[in-house]
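Asker: A single structure is presented below for examination.
The values are calculated or read from the model by the stated rules, or taken from the named source; none is laboratory data. Quick caveat, the model's predicted, so the values are computed rather than measured. Note that we place each Cβ from the backbone using ideal geometry, even for glycine, and neighbour counts take in every protein chain shown.
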Amino acid sequence: MKYTLRQLEVFLATAFHENLTRAAESLSMSQSAASSALRDLERQFDVQLFDRVGKRLQLNELGSMLRPKAQALMDQAGSLESVLASHEDIGNLKVGATLSIGNYLAVEIMARYMVEQSGARVQLEVANTATIVRKVANFELDIGLIEGEVHHPELDMHHWRDDELVVFCAPDHAWAGKPWLADEDLLTAEWIVREPGSGTRQHFEWAMHGLLPNLQIKLELQHTEAIKRAVEAGLGIGCLSAITLVEAFKRGSLVPLSVPQRDFRRSFYFALQRNKFRSAGIERWLEMCKDSNQQI
């Protein structure tokens, strides 16, 4: 074999950081050693994998084509290393989840996974849909749990479970107890909603088609709890995933509003890098997510 795993590590780190010094630091190598490894890889096959753009090393067309194959090979090597080290084929995972899923579903699944797979660690990153999609596509996360389907050339999307958004207000709001809201009501309301780039905001806008340009968006907030507190304080009405509102509705601190003419149904999806090796740990996580549907 004309290449080494170390050479591929340097190639992938350089592709990620677009800088050889930072790539070397991330691998605890000297810059000269990293430079030598990358140079040897290119010389052995008489290829160039990067273009220099100022101080950046940017993947060229050949490097971009090689990157997912190299990443898949390194993932397999990492899985094999875990088997040799612990005699188990379940490894550590880096999971990304959107805010609603991360705060209300993923933590419980993570806890069950770590109990079942003794010694395995799960890193959970909670961010909006755009961030999770970007990081899964860039091999920074093993799995993405997102709200709504996204079309991305590097990702495979798989349906997980159904969800719906719910419009809500404070219990002392003038509309609390109203049988339903007409479109005219939606246009007069002051809305407190998620920020652009979130799956919840994307589906809210889709559900409000035809009304969107005339809606009064008073506040755009990044966190569901902040939106709920603002609505409780009487600053306006909100629209969030049903899974985020269960406890508030039970307490009576918020009340749902019926909007039957608008379709707030949506789905949650698994986002997976289509070129990434799917370890036993990834497959088990997906199984546990699907099993959680039956426990609701």
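Asker: Just name the residue that is surrounded by the fewest Cβ atoms within 10 Å (Cβ to Cβ) out of those in the range 237-256 that are aliphatic (A, V, I, L, M) and under 21 Å from Gly199 (Cα atoms). Lay out the reasoning, then the answer.
Answerer: Within the range 237-256, the subset aliphatic (A, V, I, L, M) is 237, 240, 242-243, 245-246, 248, 254-255.
Next, from what is left, pick out any that are under 21 Å from Gly199 (Cα atoms): 237, 240, 242-243, 245-246.
On the way: Ile237: 23, Leu240: 25, Ala242: 17, Ile243: 18, Leu245: 21, Val246: 12.
Only one residue fits best here, namely Val246.
Asker: In addition: Within 22 Å of Asn138 (Cα to Cα) and among the small types (Gly, Ala, Ser): is that true of Ser32 in this structure?
Answerer: Values: within 22 Å of Asn138 (Cα to Cα): no; among the small types (Gly, Ala, Ser): yes.
It is false that Ser32 is within 22 Å of Asn138 (Cα to Cα) and among the small types (Gly, Ala, Ser).
Asker: I'm told Leu219 meets every condition in (1) at pLDDT 95 or above; (2) under 29 Å from the mean Cα position of the chain (by Cα); (3) closer than 18 Å to Tyr104 by Cβ; (4) not β-branched (Val, Ile, Thr) except one. Can you identify the failing condition by its number?
Answerer: So Leu219 meets the others, but not (3).
Asker: May I ask you to list the residues in the range 1-35 that are closer than 22 Å to Gly54 by Cβ and in contact (Cβ under 8 Å) with a residue 24 or more places away in the chain? It would help to see each step written out before you state the result.
Answerer: In the first step, residues of the range 1-35 are kept if they are closer than 22 Å to Gly54 by Cβ; the result is 10-26, 31-32, 34-35.
Passing the criteria: Val10, Phe11, Leu12, Thr14, Ala15, Phe16, Glu18, Asn19, Leu20, Ala34.
Asker: Restricting attention to the range 208-236, and to residues there that are among the aliphatic types (A, V, I, L, M) and farther than 20 Å from Trp175 by Cα, which single residue is surrounded by the most Cβ atoms within 10 Å (Cβ to Cβ)? Let's see the steps before the verdict.
Answerer: Initial filter on the range 208-236 (among the aliphatic types (A, V, I, L, M)): 208, 211-212, 215, 217, 219, 221, 226-227, 230-231, 233, 235.
Right, trim to farther than 20 Å from Trp175 by Cα and you get 212, 221, 226.
Values: Leu212: 12, Leu221: 17, Ala226: 13.
Restricting to residues being among the aliphatic types (A, V, I, L, M) and farther than 20 Å from Trp175 by Cα, the top hit is Leu221.
Asker: Can you tell me which residue is farthest from Leu5 (Cα to Cα) among those in the range 32-58 that are surrounded by 14 or more Cβ atoms within 10 Å (Cβ to Cβ) and touching a Leu at 6+ places or on another chain (Cβ under 8 Å)?
Answerer: Ranking the candidates gives Leu57 first.
Asker: If you don't mind, another one. What's the total number of residues in the range 88-119 that are farther than 19 Å from Ser241 by Cα and buried (at least 19 other Cβ atoms within 10 Å of the Cβ)? So that I can check it myself, show each step before the final result.
Answerer: Taking the range 88-119 as the starting set, the residues that turn out to be farther than 19 Å from Ser241 by Cα are 88-95, 110-119.
Now drop any that are not buried (at least 19 other Cβ atoms within 10 Å of the Cβ), which leaves 90-91, 93, 95, 110, 113, 117.
Residues meeting the conditions: 7.
Asker: Name the residue that is farthest from Cys289 (Cα to Cα), counting only residues in the range 161-189 that are out of contact with any Leu (no Cβ under 7 Å at 6 or more places or on another chain) and in a strand (DSSP E or B).
Answerer: Checked the range 161-189; the qualifying residue farthest from Cys289 (Cα to Cα) is Glu164.
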